[in-house]
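Trainee: Mind having a look at this structure? Questions to follow.
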Amino acid sequence: MAIPASLQNGLKLPVIAAPMFLVSGPDLVVECCNAGVIGTFPSLNQRTTEGYREWLHEIKGRLNPDAAAFGVNHIVHPTNPRLMADMMVSVEEKVPLIITSLGAVRDVVDAVHGYGGVVFHDIANVRHARKAAQAGVDGLILVANGAGGHAGVVNPFALVEEVRGFFDGTIILSGCLSTGRDVAAGTMMGADFAYMGTRFISTTESQAQPEYKQMIVEAGASDITYTPAVSGIPANFLTPSLVANGIDPKTLPEHKLDMADEAKAWKTVWSAGQGAGAVHDVLPAGALVRRLQDEYSQACDKFYKNRH
Ligand SMILES: Cc1cc2nc3c(=O)[nH]c(=O)nc-3n(C[C@H](O)[C@H](O)[C@H](O)COP(=O)(O)O)c2cc1C
């Protein structure tokens, strides 16, 4: 159990700003890394593989010498026609952290290890965690109940403990982690990193529309609907954005609604996790990271003071 040595440089807090479709881009990544947490984005947020390479060049050019590492998310599935081309760019550009979703594949892991990179794979249940561990990934991202995007349904305590029973790599906990106190709690549970999505949507540098950022500020856990109707796989969405698109949250089908393509669906119906209730403002990512650091140290101090 540890943070890989190659990801420790410049890291001021064990936090990864999670990759988010249509939301994370170079501005958010650069701000996060320069402030001391790992910034990431999905390669598919750029329309082409060449555009993806340009973003990598831009990010590398804007990072301070003491910045934390950055990462890229690849969807490892036959429905992603860009996988091979994007992976080749990641290998050529030596992306420090590769985050794989859906498929955990030994060839991808070997290619990344070949240039000294690290692979984390996201899972929402123990069966998938076992498969990914067998593929040789360095870390498992445990996507627990209530997370933004394609969330799991397992309680985070249950997931961390069960996975730790057979996996001794890096554990990254995902789902409703929004404050520095949450980061400290995740560490106490046995996670090495906190993976934070929803909290970073409401930052100045995120690519989300201003109305989306504000909807999260106003939302609580009871404003989140878990449904497969938008993307075919169950995911969490802001109920007011379903309503704004003429979708009645009380009569959602168990299958995907006809909403044109996936990108259009996510552009109009906005995803967030139950941790939205802990998001009260829109602020620059650097200021958010400094606040997380303060909250984290206060939580640790309080714990040490109160322990028996
Ligand atoms: C709008 C949105 C888009 C997302 N897109 C992706 C994605 O493209 N790839 C991915 O691996 N995870 C994606 N996720 C999941 C996040 O990476 C992360 O697991 C999740 O947001 C963490 O939970 P939290 O939102 O409660 O912090 C997305 C989440 C949100 C909210």
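Trainee: Using only the Cα atoms of the chain, build the gyration tensor, take square roots of its eigenvalues as a ≥ b ≥ c, and label the shape rounded, prolate or oblate: rounded if a/c is under 1.5, else prolate if a/b is larger than b/c, else oblate.
Mentor: Here the chain falls in the rounded category.
Trainee: Continuing with the same structure: Just to confirm my numbers, what's the Cα centroid distance between region 144-194 and region 79-93 in Å?
Mentor: Cα centroid to Cα centroid, the span is 28 Å.
Trainee: Counting only DSSP beta bridges with both residues in region 103-184, tell me the antiparallel percent, nearest 5.
Mentor: 0 percent
Trainee: Tell me, what ³J(HN,Hα) does each residue in region 281-286 have, in order and in whole Hz, if you take phi through Karplus 6.51 cos²θ - 1.76 cosθ + 1.60 with θ = phi - 60° and put x for Gly and Pro?
Mentor: Rounded to whole hertz, the list is 7, 10, 8, x, 4, x.
Trainee: List every residue whose amide H lies under 5 Å from the amide H of Thr40, counting only residues 5 or more places away in sequence or on a different chain, with H placed 1.01 Å from N in the peptide plane.
Mentor: Amide H neighbours of Thr40, under 5 Å, 5+ apart: Ala17, Gly71.
Trainee: Around Glu262, with a cut-off of 15 angstrom between Cβ atoms, what is the net charge of the other residues, counting Lys and Arg +1 and Asp and Glu -1?
Mentor: +3
Trainee: When a/c reaches 1.5 or more, the comparison of a/b and b/c decides; with that in mind, is region 67-211 rounded, prolate or oblate per its Cα gyration tensor?
Mentor: Oblate shape, in that a/c is at least 1.5 and b/c is the bigger or equal ratio.
Trainee: Quick one: Kirkwood hydrodynamic radius for region 95-180, alpha-carbon pairs, angstrom, one decimal?
Mentor: Kirkwood radius, region 95-180: 13.0 Å.
Trainee: In percent, how large is the relative contact order of the chain, given Cα pairs closer than 8 Å and 6 or more residues apart?
Mentor: 18 percent
Trainee: Okay, next question. What is region 190-289's relative contact order, in percent, from Cα pairs under 8 angstrom and six or more apart in sequence?
Mentor: Once normalised by length, the contact order is 39 percent.
Trainee: Add +1 for every Lys or Arg and -1 for every Asp or Glu among the other residues with Cβ under 13 Å from the Cβ of Arg181, and state the total.
Mentor: -1
Trainee: Residue by residue, what Karplus-based ³J(HN,Hα) values in Hz, rounded to whole numbers, does region 209-215 have, using 6.51, -1.76 and 1.60 with θ = phi - 60° and x for Gly and Pro?
Mentor: Along region 209-215, the couplings run 5, x, 5, 5, 4, 5, 4 Hz.
Trainee: Another question, if that's okay. Across the chain, where is the longest run that never hits trypsin sites (Lys or Arg not before Pro) in a DSSP loop with at most 13 other C-beta atoms within 10 Å?
Mentor: Longest site-free region, per DSSP loop and neighbour criteria: 95-306.
Trainee: Pop out the ³J(HN,Hα) list for region 236-245 in order, Karplus 6.51 cos²θ - 1.76 cosθ + 1.60 with θ = phi - 60°, rounded to Hz; leave Gly and Pro as x.
Mentor: 9, 10, 6, 4, x, 7, 5, 4, 4, 9
Trainee: What shape does region 1-139 have by the C-alpha gyration tensor, where a ≥ b ≥ c are the square roots of the eigenvalues, rounded means a/c under 1.5, and otherwise prolate means a/b greater than b/c and oblate the rest?
Mentor: Oblate.
Trainee: Now for a separate question. Could you size up the charge dipole of region 208-268 around its Cα centre, putting +1 on the beta carbon of Lys and Arg and -1 on that of Asp and Glu, and report it in debye to the nearest 20?
Mentor: Dipole about the Cα centre, nearest 20: 60 debye.
Trainee: Give Lys131/Lys250; Lys213/Lys264; Lys213/Lys250; Lys213/Lys302; Lys213/Lys305; Lys12/Lys94 a once-over and call out the pairs whose C-alpha atoms are over 26 Å from each other.
Mentor: Violating the 26 Å limit, Cα to Cα: Lys131/Lys250; Lys213/Lys302; Lys213/Lys305.
Trainee: Thr100: net charge of surrounding residues, Cβ under 13 Å, Lys/Arg +1, Asp/Glu -1, itself excluded?
Mentor: -3
Trainee: Using a cut-off of 20 Å between alpha-carbon atoms, which aspartates and glutamates can reach Lys267, once sequence neighbours fewer than 8 places away in the same chain are excluded?
Mentor: Partners within reach: Asp27, Glu205, Glu211, Glu218, Asp223, Asp248, Asp258.
Trainee: Work from the charge dipole of the chain (Cβ charges, +1 for Lys and Arg, -1 for Asp and Glu, about the Cα centre) and give the residue of Thr198, Phe303, Gly146 farthest towards its positive end.
Mentor: Projecting each Cα onto the dipole axis, the largest value belongs to Phe303.
Trainee: Report the charge-dipole magnitude of the chain in Debye, nearest 20, computed about the Cα centre from +1 at each Lys and Arg Cβ and -1 at each Asp and Glu Cβ.
Mentor: Dipole magnitude for the chain comes out near 420 debye.
Trainee: Between region 245-303 and region 1-40, what is the separation of their alpha carbon centroids in Å?
Mentor: Spelled out, the Cα-based centre of one part sits 18 Å from the other.
FYI, it's all coordinate maths here, none of it is from the lab. Because the structure is a prediction, the values reported are computed rather than measured. In this analysis, Cβ positions are derived from the backbone assuming ideal geometry, glycine residues included, and neighbour counts consider all displayed protein chains.
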